[in-house]
Amino acid sequence: MLQAIYPHQCPGCRVLVQNHLHLCPECWREAHFIAGCACPKCGGQMLGDHDDANILCDDCLNNPRPWTSGRAVFSYNAKARSMILALKRHDRHDLIAPFAHWMLRRGADIFPPSPVLIPIPLHWQRQWRRRFNQSALIAQKMAQMAGLECCLDGLKKCRRTPELKDHTAEERRKLLHASMAINPA
């Protein structure tokens, strides 16, 4: 009955679809999901068919990452950007379940045996202005879907940082440096 009132819509464009976790064919073509060979550090798409954990993408070679491994769901293009910003800035909470589903599928091979999901925190002023932390909502949904543990306050934001949308990657790294810490509690 609920589906009759609120039918499933494509997370990318809101046309009707059979499953709320799936994109319509048009958005699927535009989303550029990453599959197959990927950089073991950032998860970005790479050419080839190797599974060598030591072959990094050019970006990770030029800008070493502080983390051990990572995965990306899709390439950051116009479609990905529009969906991310729709959740982040336009209260599209219907995107939480698809993002959680896609992230679980993409990251499954790098999860440790008993992972604890810890979302990236927002500064309290930004969270008050935005009214929610999209990272926390996705982590909670991932934990619910996969039966994982989620620690919402595992990290804390130590200082306020400016919005990063108009900054280069290097400027973003500098602005974010030492802005978060493990919550001693």
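The values are calculated or read from the model by the stated rules, or taken from the named source; none is laboratory data. Just so you know, these numbers come straight off a predicted model, no measurement behind them. Ligands, DNA and RNA are stripped out before the accessible areas are found, and what is left, the full protein with its side chains, is counted by its heavy atoms. Shrake-Rupley method; radii C 1.70, N 1.55, O 1.52, S 1.80 Å.
Once the gyration tensor of the Cα atoms in the chain is diagonalised, the equivalent ellipsoid follows with semi-axes of 26, 23, 18 Å, ordered largest first.
When the surface is traced with a 1.4 Å probe over the full set of protein chains, Cys151 keeps roughly 40 Å² accessible. Rounded to the nearest 10 square angstrom, Cys42 shows an accessible area of 40 square angstrom against a 1.4 Å probe.
Determine the order of His123, His22 by accessible area, beginning with the largest, at a probe radius of 1.4 Å.
Working: His123 30, His22 100 Å².
From most accessible down to least: His22, His123.
By the rule of a C-alpha distance below 25 Å, with chain neighbours fewer than 8 residues away ignored, the lysines paired with Lys79 are Lys41, Lys88, Lys141, Lys165.
Per residue of the chain, the DSSP helices (runs of n ≥ 4 H) give a summed -39500 (n - 2.57) that works out to -10500 deg cm²/dmol at 222 nm.
Remark on the range 1-50: ratio of C-alpha radius of gyration to 2.2 N^0.38 Å is 1.59.
In terms of its C-alpha gyration tensor, the range 85-137 comes out oblate, because a/c is 1.5 or above while a/b does not outweigh b/c. Binning all Cα-Cα separations of the range 127-185 at 5 Å, short to long from zero, yields these whole-percent fractions: 4, 15, 17, 21, 21, 13, 7, 1. Rg ratio for the range 53-108: its Cα radius of gyration over 2.2 N^0.38 Å, N being its residue count, equals 1.37.
Counting protein heavy atoms only, the chain has 56 percent of its accessible area on carbon and sulfur, 1.4 angstrom probe.
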